[in-house]
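Comments concern the structure below.
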Amino acid sequence: MPAIGVLALQGDVREHVRMLQEAGATATAVRRPAELDAVDALVIPGGESTTMWKLAETFDMLQPLRLRVKEGMPAYGSCAGMIMLADRIEDGIAGQQTIGGIDMVVRRNAFGRQVDSFESDLDFAGERVHAVFIRAPWVESIGADVEVLGRCEPGDRIVAVRQGPLLATSFHPELTGDVRVHRYFVDMVREL
Ligand code: GLN
């Protein structure tokens, strides 16, 4: 069983731990560099990306996280976690930093002006899933190495992407009880 950590600085950690266990992984909360060293892969949960960034700096986790991602550790970011995995962001706060790794521009609170939170059915990697969006970002643009795994109305926006060992979704599969997105990630970790 792969050992997958859930970054536990802030956000919906417990739900991801439960889903990963259901998907066949060993899951633990990761708050410190030593805990990060002990896992094969990492889930970065939804929450609030500015808070997560500041706490990552406070806990001396930002550089270790960047290093592991650079070394090829598989990671999956949902919502605020997607923002954390983006090389570039729009509508961040002044000085906001990310871990990076996925060659994309992500716009924070992108659906905000139309609908703060909503649910929608969409195709994720060829499977129909029910997706929950909460003050969600969308992917504004992607580099050549980024694969689009899902799009959503309004606007046919990109809401799920993969670049090598890195996966990101704008939505929160940990809230639906549907384990397929987590299983997709666990399979990715097994294959890499
Ligand atoms: N809007 C949040 C942010 O900017 C993300 C929302 C979420 O993760 N549900 O980080």
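The values are calculated or read from the model by the stated rules, or taken from the named source; none is laboratory data. Just so we're clear, the structure is a prediction, and the values are computed from it rather than from any experiment. Here the Cβ is made from the backbone with ideal geometry for all residues, glycine too, and neighbour counts use every protein chain on show. Each accessible area value is taken on the protein alone, full model and side chains, heavy atoms only, with ligands, DNA and RNA left out. Shrake-Rupley method; radii C 1.70, N 1.55, O 1.52, S 1.80 Å.
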Quick one: grab the alpha carbon gyration tensor of region 73-123, order the square roots of its eigenvalues as a ≥ b ≥ c, and give me rounded if a/c is under 1.5, else prolate or oblate depending on whether a/b is larger than b/c.
oblate
Just to confirm my numbers, what's the Cα centroid distance between region 95-147 and region 19-47 in Å?
21 Å
With springs connecting C-alpha atoms under 10 Å apart, model the chain as a Gaussian network and identify which of Gly95, Gly11, Gly81 has the largest mean-square fluctuation.
Gly95
Strictly greater than 29 Å: what percent of every Cα pair in the chain meets that?
12 percent
Determine the calculated [θ] at 222 nm for the chain from helices alone, applying -39500 (n - 2.57) to every DSSP H run no shorter than 4 residues and normalising by the residue count; nearest 500 deg cm²/dmol.
-7500 deg cm²/dmol
Could you compute how fast region 46-92 diffuses translationally, taking Rh as the Kirkwood radius over C-alpha pairs and applying Stokes-Einstein at 10 °C with viscosity 1.306 mPa s? Give it in µm² per second.
143 µm²/s
Can you give me the % of accessible surface on region 1-150 that is carbon or sulfur? Probe 1.4 Å, all protein chains present, nothing else counted.
46 percent
Placing +1 at every Lys and Arg Cβ and -1 at every Asp and Glu Cβ, with all other atoms neutral, what dipole size does region 76-192 have around its Cα centre, in debye to the nearest 20?
200 debye
Taking only the alpha-carbon positions of region 96-192 and ignoring solvent, what does the Debye formula give for the base-10 log of I(q)/I(0) at q = 0.11, 0.13, 0.16 Å⁻¹?
-0.31, -0.43, -0.66
Let me know the volume per residue of the alpha-carbon convex hull for region 1-65, in Å³.
62 Å³
